[in-house]
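First comes the structure, then the notes that go with it.
Derivation of every value follows stated rules applied to the coordinates shown; laboratory data play no part. Since we're looking at a predicted model, the values are computed, not measured. Note that each Cβ is placed from the backbone with ideal geometry, even for glycine, and that neighbours are counted across all protein chains shown.
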Amino acid sequence: MSVFEKLRAAAESLDVAAYSNLMHDDCVFVRHQSGAMLNKTEMIGLLKSMKEAGAHFGTMRRIYENDDILVAHTVSDFPDGSREAVLSSYLLKDGKVVRLETGATPLSA
């Protein structure tokens, strides 16, 4: 199973443990809203809080994937009614995500 297929299953079901297992110990997440860099522990905490708040990640589409990089797109819905089209770049190392950067476009309802 590809990294994409595992990530998609974890994201769509908001399975934080499965998502965490796909993150390299040195993983860094660069947030598109602020440019802040989160480590793996901080990123998993963010995912947990999003799950608890009722966020929903739509169907993830693979744009490109090889052993070094995965580029994916999804539309996310948030509890406040906002929606974003999110383009994600996952740098891969040893079959795990070592760096994640996102770019998002707000969508009207």
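Below, the figures for the structure above:
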{"item": "Test set (1) within 18 Å of P106 (Cβ to Cβ); (2) in contact with a strand residue (DSSP E or B) (Cβ under 6 Å, 6 or more places away or on another chain); (3) among the small types (G, A, S) - S89 fails condition number", "result": "(1)"}
{"item": "Matching residues in the stretch 20-77 - criterion: being among the hydroxyl-bearing types (S, T, Y) and over 24 Å from G95 (Cα atoms)", "result": "S34, S49, S76"}
{"item": "Count of residues meeting criterion [assigned to a strand (DSSP E or B), more than 16 Å from L22 (Cβ to Cβ) and among the hydrophobic types (A, V, I, L, M, F, W, C)] in the stretch 51-70", "result": "1"}
{"item": "Where G54 falls short, out of the listed (1) loosely packed, with under 14 Cβ neighbours inside 10 Å; (2) in contact with a Lys or Arg (Cβ under 7 Å, 6 or more places away or on another chain)", "result": "(2)"}
{"item": "Filtered residue count, the stretch 1-15, keeping only those that are acidic (D, E) and in a helix (DSSP H, G or I)", "result": "2"}
{"item": "Test result for S88, buried (at least 16 other Cβ atoms within 10 Å of the Cβ), closer than 17 Å to V28 by Cβ and free of Cβ contacts under 8 Å to residues at least 60 places away in the same chain", "result": "yes"}
{"item": "The stretch 1-52, residues that are β-branched (V, I, T) and within 18 Å of E84 (Cα to Cα)", "result": "V30"}
{"item": "Flag for A72 being touching a Pro at 6+ places or on another chain (Cβ under 9 Å), surrounded by 15 or more Cβ atoms within 10 Å (Cβ to Cβ), closer than 22 Å to K6 by Cβ and not β-branched (V, I, T)", "result": "no"}
{"item": "Filter pass, T105 being assigned to a strand (DSSP E or B), in contact (Cβ under 8 Å) with a residue 12 or more places away in the chain and under 20 Å from S13 (Cα atoms)", "result": "no"}
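Quick grid of which residues meet (1) β-branched (V, I, T); (2) part of a helix (DSSP H, G or I):
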{"site": "A17", "(1), (2)": "no, yes"}
{"site": "C27", "(1), (2)": "no, no"}
{"site": "S49", "(1), (2)": "no, yes"}
{"site": "H73", "(1), (2)": "no, no"}
{"site": "V86", "(1), (2)": "yes, no"}
